[in-house]
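Read the structure below first, then the notes.
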Amino acid sequence: QKLKRAWVGQIFAADACHKKGGIAILIAKSFAGTLVQIHADPNGRYLLLKGQLQGLEFYLLGVYGPNVPDSSFWRSLTTLCSSYQDHPLIIVGDFNTVVDASKDRSSTVSSSSWDGRDLPALMDSLNRVNTWRLLHPTEQDYTHISRAHGTHSRIDYVLTSPEISDHSMIFLDLSPPHPRPFQQPWRFPTYLYQDKDFFQFLCSKWKDYVQFNFSESLSPTTFWEAAKVVLR
């Protein structure tokens, strides 16, 4: 029920029996093709869909990677993907690791020795490419903010077969920048400014947010979009 939105046509999910897993793929009503679920990881780490669009058969794999070393996860994921290696396969999700620490982290000091090792190995073995990096070969822009480590990182990726990347551009649209006409955009309740205690509380939290999350290398758009999520 929490995932239902006016624009959502289909919801596919792989649940986990604990809080360290669980993944969902939301398909817009405007999607002109068909999708069916063919595999769901019992630990909620990945979810595989089979689809057709304009006569093209493809596979969509959603991934939620562990944030600790887990060789069994990467082995099982590689084995699964290898079964569809000869088909158009799009792999999307939060991998909880980076492809290249020098480009995908705001700090060149990795938080762990395994960071930046497993995902590139997966990409090499499956011959998959990072579509965002193809379009932005030198740019540093991030999808995740870690308050604990005071760093920003790009750990969310869209990986595709080379033949897909050579013929069409791939977009991963997590939240529309312009709300649809039937959606009510979120607005800050301005009446709260009249509450002096709340105003002081907000100013204090905003200073903390800026202190722990602002970076010269972070794009203003990414910084502000993340800030709005915290404000809500």
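The values are calculated or read from the model by the stated rules, or taken from the named source; none is laboratory data. In this text the structure is predicted, and so the values were computed from the model without any measurement. For neighbour counting, all protein chains shown are included, and Cβ atoms are generated from backbone atoms with ideal geometry for every residue, glycine included. Accessible surface is based on the protein model in full, side chains and every heavy atom, while ligands, DNA and RNA are left aside. Shrake-Rupley method; radii C 1.70, N 1.55, O 1.52, S 1.80 Å.
Among the residues of region 77-101, how many are in contact (Cβ under 8 Å) with a residue 12 or more places away in the chain and open to solvent by 10 Å² or more (accessible area, probe 1.4 Å)? So that I can check it myself, show each step before the final result.
Initially, region 77-101 is screened for residues in contact (Cβ under 8 Å) with a residue 12 or more places away in the chain, giving 77-78, 80-82, 84-85, 87-101.
Filter once more, keeping what is open to solvent by 10 Å² or more (accessible area, probe 1.4 Å): 78, 80, 82, 84-85, 87-88, 90, 92-94, 96, 99-101.
Qualifying residue count for the region: 15.
Would you please name the residue that is least open to solvent (accessible area, probe 1.4 Å), looking only at residues in region 27-44 that are assigned to a loop (DSSP other than H, G, I, E, B) and in contact with a helix residue (DSSP H, G or I) (Cβ under 9 Å, 6 or more places away or on another chain)? Explain how you work it out, then say what you get.
Initial filter on region 27-44 (assigned to a loop (DSSP other than H, G, I, E, B)): 29-33, 41-44.
After this cut, where a residue has to be in contact with a helix residue (DSSP H, G or I) (Cβ under 9 Å, 6 or more places away or on another chain) as well, the list is 41, 43.
On the way: 41: 16, 43: 83 Å².
Ranking the qualifying residues of region 27-44, first place goes to 41.
In the set 104, 115, which member is at pLDDT below 85 and surrounded by 19 or more Cβ atoms within 10 Å (Cβ to Cβ)?
Values: 104 fails: at pLDDT below 85.
The conditions single out 115.
Return the total of residues in region 45-76 being assigned to a strand (DSSP E or B), open to solvent by 40 Å² or more (accessible area, probe 1.4 Å) and not aliphatic (A, V, I, L, M). If you could, list the steps in order and put the result at the bottom.
If we filter region 45-76 for residues that are assigned to a strand (DSSP E or B), which is where we start, we get 46-53, 56-64.
Subsequent filtering for residues that are open to solvent by 40 Å² or more (accessible area, probe 1.4 Å) retains 50, 52-53, 56-57, 64.
Adding the requirement that they be not aliphatic (A, V, I, L, M) leaves 50, 52, 57, 64.
Number satisfying all stated conditions: 4.
Of everything in region 194-205, what is open to solvent by 90 Å² or more (accessible area, probe 1.4 Å) and closer than 21 Å to residue 148 by Cβ? Give them in sequence order.
Result: 205, single match.
Residue-by-condition table, conditions (1) open to solvent by less than 50 Å² (accessible area, probe 1.4 Å); (2) of a type in the set (Gly, Ala, Ser); (3) not in a loop (DSSP other than H, G, I, E, B):
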position: 187; (1), (2), (3): no, no, no
position: 192; (1), (2), (3): yes, no, yes
position: 209; (1), (2), (3): yes, no, yes
position: 212; (1), (2), (3): no, no, yes
position: 224; (1), (2), (3): no, no, yes
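What are the pairs, 6+ residues apart or on separate chains, where a residue within region 205-216 that is in contact (Cβ under 8 Å) with a residue 60 or more places away in the chain and within 19 Å of residue 232 (Cβ to Cβ) has its Cβ under 9 Å from a residue that is of a type in the set (Phe, Trp, Tyr) and assigned to a helix (DSSP H, G or I)?
Partner pairs satisfying both residue conditions: 213/223.
Could you check residue 107 against (1) in contact (Cβ under 8 Å) with a residue 24 or more places away in the chain; (2) under 27 Å from residue 127 (Cβ atoms) and say which number it fails?
Answer for residue 107: the failing condition is (2).
List, please: which pairs have Cβ atoms under 9 Å, are six or more places apart or on different chains, and start with a residue in region 2-25 that is in contact (Cβ under 8 Å) with a residue 24 or more places away in the chain and end with one that is small (Gly, Ala, Ser) and open to solvent by 70 Å² or more (accessible area, probe 1.4 Å)?
As it stands, the answer is 7/30, since those pairs meet every condition given.
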